[in-house]
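Data first, discussion second: the structure below is written as structure tokens.
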């Protein structure tokens, strides 16, 4: 697994490669936190939040959780981890842009994914 610093550098590179316009009103920026984050719907502490789009009184931000990323993707080679980080950032940037556009299609998709997880795990 890459170090926290290497992961941060990869995320910076990915973010810099995307059109700046996608970050309009993302005044809280993009950050990487060291901890794991378990989804509140997790039945056996087995559903990790890798990244999330946060809106609150301080503004709009995207947060990545290094502990979750290393737990889920820790065995991947660096190039494959990079691909996953691209996928996660695209997902969270889409949440941000859908919010700006006044829709939440991806939020509905995420909700369906959680419902599917719960069904598959007997809840």
*Rounded to the nearest 0.05, what FRET efficiency do residue 4 and residue 108 have when you use their Cβ-Cβ distance and R0 = 41 Å?*
0.80
*What fraction of the DSSP beta bridges in the chain is antiparallel, stated in percent and rounded to the nearest 5?*
65 percent
*For the chain, set up a Gaussian network in which alpha carbons nearer than 10 Å are linked by springs, and say which option among 108, 89, 47 fluctuates the most.*
108
*Residue separation times 0.36 nm, minus the C-alpha to C-alpha distance between residue 71 and residue 20: what's the value?*
15.3 nm
*Pick out which of 34, 77, 19 has the largest mean-square fluctuation in a Gaussian network model of the chain, springs linking Cα atoms closer than 10 Å.*
19
*Using a 10 angstrom cutoff on alpha carbons, build the Gaussian network for the chain and name the most mobile of 105, 12, 79.*
79
_To make sure I understand, if each residue's beta carbon is the centre and we count other beta carbons within 10 Å, what order do 39, 95 fall in, fewest to most?_
39, 95
*asked:* Explain nothing, just the number: relative contact order of segment 8-112, from Cα pairs under 8 Å at least 6 residues apart, as a whole percent.
replied: 26 percent
*Rounded, prolate or oblate: which one fits the chain, using the alpha carbon gyration tensor with axes a ≥ b ≥ c (rounded when a/c is under 1.5, else prolate when a/b beats b/c, else oblate)?*
oblate
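Any read-out appearing in this document is the output of simple, stated calculations on the displayed coordinates, not a laboratory observation. All values reported here derive from a predicted model rather than from experimental measurement. Every residue, glycine as well, gets a Cβ built from its backbone with ideal geometry; the counts of neighbours run over all protein chains shown.
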